[in-house]
Every structure is written in C-alpha cells, then in structure tokens.
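Okay, structure first, notes after.
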C-alpha cells in the first residue's frame, strides 16, 4: 500500500488584509477594519452601493472575498432568484453569486489560495475587486428585473446581457 506523508511547511506569509487596507486607503474608500483578519469596505457603483468583505483565513492560507449588493430579496422572489443565480454563474469564469441564508442579499464570492506564495500582490487584490464590481454591475439589472420587476429569470438574463452600442 502506498502512503503519502504530508510535511507541513510554514512560509512567512504576510496578512493580506494589511495590503487590502493600503489599497482601500489609497482609493479613499470608506472602510472598517473589524479585526486583524477582516475588513469591510463600502464602494458606490453605477446601480447601487456595494459592501466588500475581506476575510483572511490563516489556517488555509486563503483570502475570502465577497461583494454584496444593496438589495434585499423578499421570500416570495427567492425561487426565481436562485434560478437566475444559476444562469449568472454559468457565465462566470471566476467566483460565483449566491444568496446567503438569513442575509437575503445577493453577493459575489471568491477565495484566493495563497499557500506557497507568501502573500497576495496588490495586482491580485485590485483584480479581485475589479472583477467583482464588473460582474455585479453587469448582472445587477437582471437581479432587479427578477426581484422587483417580476420577470422570469431567463428573460431577465437575456435583457441584461444586451450590449449597448453608442450613447443616447
């Protein structure tokens, strides 16, 4: 029988929340460093305000990130919203949308594994925020159409994916 032994190696890893804080301060974004391992950031988007949540999980060497919408989903619209989440997630390369139990607000989530590389780079953190905001802005109209417009998820997704050309 073959056995695999795991050798635990601890590389000097910096806390990526420190880097996140530097970036947030440089952009003058409203934020709260709740602890050494977590930070909450508020950013105004085109459609709504977004709440970014960063959590450093040292045991996993993982930086968890979520970007929550300023939108509450009534219970009667959660079924269609779950269907819309599945349709949106099929179009994502990184991360996923979900509706956390109890929170009733959609969020984009992603985790970055940093084991073996020390810590995140500023480019990684900036890309993470940029990707999340881009995807949230792209899908926000579909979420609105389903939650408040009563549209079917496939209709909302189709309407939200239309790329406008030019300016009015």
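The values are calculated or read from the model by the stated rules, or taken from the named source; none is laboratory data. It should be emphasised that the depicted structure is a prediction, and the values quoted were computed from it without experimental measurement. When we count neighbours, we look across all protein chains shown, and the Cβ atoms used for this are built from the backbone with ideal geometry, even at glycine.
Considering only residues that are in a loop (DSSP other than H, G, I, E, B) and either in contact with a strand residue (DSSP E or B) (Cβ under 8 Å, 6 or more places away or on another chain) or buried (at least 19 other Cβ atoms within 10 Å of the Cβ) (or both), which ones fall in segment 50-71?
Start the filter on segment 50-71 by keeping residues that are in a loop (DSSP other than H, G, I, E, B), which leaves 58-61, 70-71.
Passing the criteria: 60, 61, 70, 71.
Sort through 133, 113 and tell me the only one that's in contact with a strand residue (DSSP E or B) (Cβ under 8 Å, 6 or more places away or on another chain) and either surrounded by fewer than 17 Cβ atoms within 10 Å (Cβ to Cβ) or within 26 Å of residue 59 (Cα to Cα) (or both). Give the derivation first.
On the way: 133 fails: either surrounded by fewer than 17 Cβ atoms within 10 Å (Cβ to Cβ) or within 26 Å of residue 59 (Cα to Cα) (or both).
Testing whether each residue is in contact with a strand residue (DSSP E or B) (Cβ under 8 Å, 6 or more places away or on another chain) and either surrounded by fewer than 17 Cβ atoms within 10 Å (Cβ to Cβ) or within 26 Å of residue 59 (Cα to Cα) (or both) leaves just 113.
Could you pull out the residue among 87, 94 that is surrounded by 14 or more Cβ atoms within 10 Å (Cβ to Cβ), touching a helix residue (DSSP H, G or I) at 6+ places or on another chain (Cβ under 7 Å) and at negative phi? Spell out the reasoning first.
On the way: 94 fails: surrounded by 14 or more Cβ atoms within 10 Å (Cβ to Cβ).
Unique residue meeting the criteria: 87.
How many residues are closer than 15 Å to residue 72 by Cα and part of a loop (DSSP other than H, G, I, E, B) if we restrict to segment 136-159?
Here the count works out to 3.
Keeping to segment 15-25, report how many residues are more than 21 Å from residue 62 (Cβ to Cβ) and touching a helix residue (DSSP H, G or I) at 6+ places or on another chain (Cβ under 9 Å).
Filtering segment 15-25 for residues more than 21 Å from residue 62 (Cβ to Cβ) gives 25.
Cutting the leftovers down to touching a helix residue (DSSP H, G or I) at 6+ places or on another chain (Cβ under 9 Å) gives us none.
So the count comes out to 0.
Considering segment 110-135 alone, what residues qualify as being in contact with a helix residue (DSSP H, G or I) (Cβ under 9 Å, 6 or more places away or on another chain) and at pLDDT 90 or above?
Listed by number, the residues that qualify are 110, 135.
On the basis of being in a loop (DSSP other than H, G, I, E, B) and within 17 Å of the chain's Cα centre (by Cα), does residue 93 make the cut? First the steps, then the outcome.
Numbers: in a loop (DSSP other than H, G, I, E, B): yes; within 17 Å of the chain's Cα centre (by Cα): yes.
Here the answer is yes, as residue 93 does meet what is asked.
Just name the residue that is nearest to the chain's Cα centre (by Cα) out of those in segment 43-57 that are in contact (Cβ under 8 Å) with a residue 40 or more places away in the chain and within 17 Å of residue 28 (Cβ to Cβ).
52
Scan segment 122-147 for residues that are free of Cβ contacts under 8 Å to residues at least 60 places away in the same chain and over 18 Å from residue 89 (Cβ atoms) and report the count.
Here the count works out to 4.
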